[in-house]
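Data block below; observations after.
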Amino acid sequence: MRYLTAGESHGPRLTAIIEGVPAGLTLTAADINADLKRRQGGYGRGARMQIETDQVEITSGVRHGKTTGAPITLHVINKDYQKWLDIMAVEDIEDRLKSKRRITHPRPGHADLVGGIKYRFDDLRNSLERSSARETTMRVAVGAVAKRLLAELDIDIANHVVVFGGKEIDVPEGLTVADIRMRASQSEVSIVNPEREEEIKDYIDQIKRDGDTIGGIVETIVGGVPVGLGSYVQWDRKLDAKMAQAVVSINAFKGVEFGLGFQAGYRKGSQVMDEIVWSKETGYRRSSNNLGGFEGGMTNGEPIIVRGVMKPIPTLYKPLMSVDIETHEPYKATVERSDPTALPAAGVVMEAVVATVLATEIMEKFSADNMEELREAVEQHRRFVKEF
Ligand code: EPS
């Protein structure tokens, strides 16, 4: 399975084409819309989300509610485009109209300036439009298709915020993937500990009043993962590495860790490795999951635990200093519409990209022209692993 996304933040629409989804997967626009809605939500979202009601249109690869194995094309309309017709016009237009909302004061931390240098733009809007986190809409749409496939194979995924703008959320022990999904979905800030809800929301309000932004750390957990996805035999076949790339590719994400992650650097080997146990009912298990479900770049059957860190959104209402690209004079960065935080939404994006990497890997390992074959192959593999 592979995919591309296209579209600008204020262009007419966003598009994705996915190739390699097996035939016979039940898929409706509603499956995708549910996740698009989640991505639009969360406390701390900005004004753009009040303008948009992201809804997907599927224009290929699905017939009578089931995938056909052909490329799947997904579109989401940008309602806001109606107010940007001149600014985002495809055809050349008069200079007077072109210069509307031209950007010459790059925002520190955004792609504006480097994009402008790299592609030789005199209007940094060209960098802004494609580098905007609006693009993550399509990653969520693609991820929703991947999640549909994982669900058919009894693979369960959820995400929650574990650090919100420096505030660590104490996570109760022993929660299942389903518990985490349920608790996070009941929280406006996507946390599993309701006692911290008001404090975090007040903090976001404060940040908004200050014209500032906050990021944090999101955790994604996957249960029911088949053993042996990915491989140690070559660097680019290690599945944790592929997942790390996908997570860090999310706008504003700066780092990733699995299981204990960076904490492992502070412990002895005896306090890090997960001991191997065996029983007739479950086959091999690990008595702990410090390695987050990966050994040698391969899934070991324990839940995948992956965390990503999101920097605060760089678009600030109280802008930082920058330089005008025409005069080289110091200026305040351009003020664009922004969100004090999009961390809960970023969790939905992270869940989507993790699901996409996993679904892709599953189709790499098992025969996957159609769902029937795929289901049989995964079941047979699970039986084999249990009896090993
Ligand atoms: C976003 C859409 C954007 C921003 C935000 C996330 O829309 P607009 O630029 O029209 O307000 O709300 O993105 C950024 C702040 C950014 O710096 O990229 C979205 O759809 O998630």
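Descriptive notes on the structure:
- Extension gain, Leu175-Glu372: 0.36 nm per intervening residue step, less the Cα-Cα distance, totals 67.7 nm.
- Nearest-ten-degree value, helix 177-186 long axis tilted from longest Cα axis of the chain: 30 degrees
- Global geometry of region 136-214, whether rounded, prolate or oblate, following the gyration tensor of its Cα atoms and the 1.5 cut on a/c: oblate
- Extents of the chain, largest first, come to 74, 49, 39 Å (Cα atoms, principal axes, whole angstrom).
- For region 256-368, the spread of Cα positions along each principal axis, largest first, Å: 71, 42, 23
- For region 262-388, the relative contact order works out to 15 percent when only alpha carbon pairs closer than 8 Å and six or more residues apart are counted.
- A Förster radius of 30 Å, combined with the Cβ-Cβ distance separating Glu326 from Asp92, puts the computed FRET efficiency at roughly 0.90.
- Put a dot 7 Å past the Cα of Asn193, heading toward its Cβ, do the same for Ala151, and the two dots end up 3.1 nm apart.
- Relative to the longest principal axis of the Cα atoms of the chain, the long axis of helix 136-152 makes an angle of roughly 20 degrees.
- Debye, to nearest 20: dipole size of region 156-296, +1 on Lys, Arg Cβ, -1 on Asp, Glu Cβ: 620 debye
- Loop-located GluC sites (Glu not before Pro) in region 70-160 (DSSP state other than H, G, I, E, B) with a sparse environment of at most 16 neighbouring Cβ atoms within 10 Å: Glu91, Glu94.
- Degrees, to the nearest 10: 371-387 long Cα axis against longest axis of the chain: 50 degrees
- Put a dot 7 Å past the Cα of Met49, heading toward its Cβ, do the same for Arg102, and the two dots end up 3.4 nm apart.
- Gain on full stretching of the segment that runs from Val385 to Gln245 - 0.36 nm per residue minus C-alpha separation: 47.6 nm
- Placing +1 on the Cβ of every Lys and Arg and -1 on the Cβ of every Asp and Glu, with nothing else charged, gives region 230-388 a dipole about its Cα centre of roughly 600 debye.
- Note on Arg267 and Lys83: the extension gain reaches 60.7 nm, defined as 0.36 nm multiplied by sequence separation minus the Cα-Cα distance.
- Relative contact order, percent, the chain [alpha-carbon distance under 8 Å, six or more residues apart]: 22 percent
No lab work stands behind these numbers, since they all come straight from the coordinates. Note that the coordinates shown come from a computational prediction; the quantities given were computed from them, not determined experimentally. Here the Cβ is made from the backbone with ideal geometry for all residues, glycine too, and neighbour counts use every protein chain on show.
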